[in-house]
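Colleague: Below are the structure tokens for one structure; questions will follow.
The values are calculated or read from the model by the stated rules, or taken from the named source; none is laboratory data. Keep in mind that this is a model prediction, so the values were computed, not measured. All Cβ positions, even for glycine, are placed from backbone atoms using ideal geometry, and neighbour counts span all protein chains on display. For accessibility, only protein heavy atoms count, side chains too; no ligands or nucleic acids. Shrake-Rupley method; radii C 1.70, N 1.55, O 1.52, S 1.80 Å.
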Amino acid sequence: MKLVSPLLLLGVAVVGTAAAQPAASVAPTVPALRRFEPAYPVRYAPMPVPEIRQVMERVHGYLDGVTPAQLIDAKTRQPVDLAAANPNAVIAPGDFLLVTYEWGVTYAGMLLASEVTADGRYADYAATRLKFIADAAPRFRAQLAALPENARERMRVPFRSVNAPHTLDDSGAMAAAFIKAARAGHHPEAFRPVIDNYLKWISRGQQRLADGTLARNRPLPNSLWLDDLYMSVPALAQMGALTGDRAYFDDAARQLIQFHRRMFVPEKGLFMHGWVEAMDPHPAFHWGRANGWAVMAAVELLSVMPDDHPQHAAVLAIFRAHARGLAACQGGDGLWHQLLDRPDSYPESSASAMFVYALARGINRGWLQPLVYGPCVSLGWNAVAKTVNVKGQVEQTCVGTGMGFEPTFYYYRPTSVYAAHGYGPVLLAGAEMITLLQGQGADANVHDGAIQFSRAAAWR
């Protein structure tokens, strides 16, 4: 094998004998620089819109096949007609449940995907299942009413969370999805009773602190879960948009502002996951998905809140401060971590998709500058898309998580493709990225080696 001088590899000419003088070094040209491409762990350039759509279509195709909207006989496993009285009727099993908060987000993702892509399959997915819920749930009210309020058997009655919600998890995300569907023209009359029942719980049933902040007595008395911002604020905001009653916007803004006062850590630009009234000083663990719920709640409120609302400026300031903190802790592979400020915790897909959605919408609605946040969401989307496998399943998603007060709890939460939390955010993120790349990000490119969200300047 002929050995090549390292000097030659560096572009330095060697002429004649050892006594010869080296030639003057020459700066490499732009084409020469391109020979040294970084080995990025994910696609670096902005993803073309057709490829974003392909990712979303895989997710839709998978979910459409594994979430049937059907009643079956629990004993015979045969389909049951909605009009038939059958005491053994249950919801047909699938990979995911149809009436959970995670699936409320999935319905919202399907509706937005349909709006952005003009592909009716997404809206059909949401409208068909929401109509099934609205039609089937009333048929189980008598069965539920026959059981004592504290009977454990109530939890096994189909559609219990629809007919008798008793937590924000039961009501908030599903209510927001029903309202969005109704406002889009899908069965508004059939959906209104379900909507009103959910909002009754959010507005008048859920525990609150003395100042009106929504709270739980879990895991300890008078606890605030950051998750509950999404389990309340979007539904309240959507109800304000549906009815024109500004009191719903007032309550939504109150929740965001009062959670922020207790739980936002300004020096990091992040929220703590939980707050317990009795704790002082309070531990702060910046769980990724909880911050995702919070930032999505803010953009959902800003999306429909009147510009002249007295708290609009405060809500926008909270969103912008949070966006700065989130962008600052994005991981080197494009994803965000399970504990946002601890890069040795694992990269997590659902939180990452939530951040891409919220920040991309912030750019699209003029609340954030594309020059600053465009590269962040472009890389974030590419990393999120990589977690969607060939079947359309979303990998690297943390399972349901309680509130912890030491890091080990969060570090070792399992991940699963059957953790339902990732699917809706991926659809929401993809839809907003399409909007961005067809609008303010249309000139996005890799220039001078890095992602730029502007028309490239000429080399000088």
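Colleague: Once label points are set 7 Å from the Cα along Cα→Cβ at both Arg455 and Ala321, what is their separation, rounded to one decimal in nm?
Modeller: A separation of 3.8 nm, rounded to one decimal place.
Colleague: Further question on the same structure: Applying the Karplus parametrisation 6.51 cos²θ - 1.76 cosθ + 1.60 with θ = phi - 60° to the phi angles of the stretch 148-153, what ³J(HN,Hα) value in whole Hz is obtained for each residue in order, glycine and proline being reported as x?
Modeller: Computed from phi, the couplings for the stretch 148-153 are x, 4, 9, 6, 5, 4 Hz.
Colleague: Starting from 0.36 nm per residue, how many nanometres of slack lie between Ala442 and Glu267 once their C-alpha separation is accounted for? Kindly include the intermediate steps, with their values, before the conclusion.
Modeller: Details: separation 175, 0.36 × 175 = 63.00 nm, distance 3.39 nm.
Fully extending the segment from Ala442 to Glu267 adds 59.6 nm.
Colleague: Could you give the accessible area per residue of the chain, probe 1.4 Å, as a whole number in Å²? Spell out each step's value before the answer.
Modeller: Values: 20580 Å² over 460 residues.
Ligands and nucleic acids excluded, the result is 45 Å² per residue.
Colleague: Decide, for the stretch 85-207, between rounded, prolate and oblate: order the square roots of the alpha carbon gyration tensor eigenvalues as a ≥ b ≥ c, take rounded if a/c falls under 1.5, and otherwise choose prolate if a/b is larger than b/c, else oblate. Walk me through the numbers on the way to the answer.
Modeller: Values: a/c = 2.02, a/b = 1.56, b/c = 1.29.
Here the stretch 85-207 falls in the prolate category.
Colleague: If each of Ser303 and Ala184 carries a label point 7 Å out from its Cα toward its Cβ, how far apart are those two points in nm?
Modeller: Label-label distance for Ser303 and Ala184, simple model: 1.0 nm.
Colleague: Given labels modelled 7 Å from the Cα in the Cβ direction, how far is it in nm from Lys391 to Asp333?
Modeller: 2.0 nm
Colleague: Here is a follow-up. What's the center-to-center distance, using Cα atoms, between the stretch 359-378 and the stretch 70-127 in Å?
Modeller: 34 Å
Colleague: What ranking do 357-365, 171-179, 147-155 get when scored by the average of other Cβ atoms within 10 Å per residue, highest first? Intermediate results must be reported in sequence, preceding the final value.
Modeller: Numbers: 357-365: 25.7, 171-179: 29.7, 147-155: 10.7.
Ranked by mean Cβ neighbours within 10 Å, highest first: 171-179, 357-365, 147-155.
Colleague: How tilted is helix 49-66 with respect to the longest principal axis of the chain? Cα atoms for both, answer in degrees (0 to 90, nearest 10).
Modeller: 30 degrees
Colleague: Which angle between 0 and 90 degrees, to the nearest 10, do you get for helix 288-304 versus the longest principal axis of the chain when only C-alpha atoms count?
Modeller: 70 degrees
Colleague: May I ask you to derive the FRET efficiency for Gln258 and Leu82 from their Cβ-Cβ distance with R0 = 30 Å, giving the value to the nearest 0.05?
Modeller: Numbers: r = 42 Å, r/R0 = 1.41.
Computed FRET efficiency for Gln258 and Leu82 comes out at 0.10.
Colleague: Let me ask you something else. Using Cα pairs closer than 8 Å and at least 6 residues apart in sequence, work out the relative contact order for the chain, in percent. Provide the component values of the computation, followed by the final result.
Modeller: Values: 746 pairs, mean separation 75.8, N = 460.
RCO, the chain: 16 percent.
Colleague: Related question: Using modelled backbone amide H atoms (1.01 Å from N, in-plane), which distant-in-sequence or interchain residues come within less than 5 Å of Leu71's amide H?
Modeller: Distant-sequence amide H within range of Leu71: Val80, Ala92.
Colleague: When the Karplus curve 6.51 cos²θ - 1.76 cosθ + 1.60 is applied with θ = phi - 60°, which whole-Hz ³J(HN,Hα) does each residue of the stretch 219-236 get, with x for Gly and Pro?
Modeller: Result, ordered by residue: x, 9, x, 6, 9, 10, 9, 4, 3, 5, 4, 6, 7, 9, 4, x, 5, 4 Hz.
Colleague: Under a point-charge model restricted to the Cβ atoms of Lys and Arg (+1) and Asp and Glu (-1), what is the dipole moment magnitude of the chain relative to its Cα centre, in debye to the nearest 20?
Modeller: On the way: 41 positive and 39 negative charges, 77 e Å.
Value, rounded to 20: 380 debye.
Colleague: Now, a different point. Report the full-extension gain for the segment Asn222 to Glu153: residue separation times 0.36 nm, less the Cα-Cα distance, to one decimal in nm.
Modeller: Once the chain is fully extended between Asn222 and Glu153, it gains 22.1 nm.
Colleague: If R0 is 41 Å, what FRET efficiency do you get for Ala74 and Glu115 from their C-beta distance, rounded to 0.05? Could the numbers behind the result be given before it?
Modeller: Details: r = 37 Å, r/R0 = 0.91.
For R0 = 41 Å, the calculated efficiency reads 0.65.
Colleague: List residues of the stretch 80-109, by number, whose backbone nitrogen lies under 15 Å from a label position 7 Å along Cα→C-beta of Tyr418.
Modeller: Label zone hits: 93-98.
Colleague: Using only the alpha-carbon atoms of the chain as identical scatterers, what base-10 log of I(q)/I(0) does the Debye formula give at q = 0.07, 0.12 Å⁻¹?
Modeller: -0.40, -1.02
Colleague: On to the next question. Rounded to whole Hz and in sequence order, give me ³J(HN,Hα) for the stretch 103-111 from the Karplus expression 6.51 cos²θ - 1.76 cosθ + 1.60, θ = phi - 60°, writing x for Gly and Pro.
Modeller: Running phi through 6.51 cos²θ - 1.76 cosθ + 1.60 with θ = phi - 60° gives 7, x, 5, 5, 4, 4, x, 5, 5 Hz.
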